[in-house]
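To keep things clear, I will list the structure first and then write my remarks on it.
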Amino acid sequence: FLLFLCEGVGSAQSPITVPREEQRIIDNANQFIQRGQLVEAIQTFELFLVKYPKSVITSNVLIQLGDTLVQQGDFKKAEEAFLLFLKKFPQNDQAHTVRNKLSQTYLKMEKVHEALAVWDRVEKQDEL
């Protein structure tokens, strides 16, 4: 077992114990990103999600997948990744961040009404 912290997914998280094979797949995906091989990174994240749907890091992988899809310019698939995260992990500490990412993705898709609706929900949750 190895320790894993998902890059760019919040500094307040504590290390999580991740099985070695899962860590290897994520390391490969991150190496693809560093080399600018976004298609390969996306395929690797998608493979991970199929192979390990109940992993302790599935939520983090969905965020990384969405971010990589945005970077590639595939906003529709990024939207799907962020919405899946919010459906599966509504109480996750990163849900607020993912809603912001989703609203930014909607803006890039020129879906202003959807972006405003997501921001409105974020604002209402901030008031709680």
Every residue in region 95-111 that is in a helix (DSSP H, G or I), within 17 Å of VAL70 (Cβ to Cβ) and without any contact (Cβ under 8 Å) to a residue 60 or more places away in the chain, please. VAL98, ARG99, ASN100, LYS101, LEU102, SER103, GLN104, THR105, TYR106, LEU107, LYS108
Give me the pairs: first residue in region 21-43 and free of Cβ contacts under 8 Å to residues at least 24 places away in the same chain and open to solvent by 30 Å² or more (accessible area, probe 1.4 Å), second residue assigned to a loop (DSSP other than H, G, I, E, B) and among the polar types (S, T, N, Q), beta-carbon distance under 9 Å, and six or more apart or on different chains, which are they? GLN31/GLN37
Residue that is farthest from the chain's Cα centre (by Cα) [pool: residues in region 60-74 that are surrounded by fewer than 19 Cβ atoms within 10 Å (Cβ to Cβ) and part of a helix (DSSP H, G or I)]: GLN72
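The values are calculated or read from the model by the stated rules, or taken from the named source; none is laboratory data. This is a predicted model, so every value here is computed, not measured. Methodologically, a virtual Cβ is constructed for each residue, glycine included, from the backbone with ideal geometry; neighbour enumeration extends over all protein chains shown. In case anyone asks, the SASA skips ligands and DNA or RNA and just uses the protein heavy atoms, side chains included. Shrake-Rupley method; radii C 1.70, N 1.55, O 1.52, S 1.80 Å.
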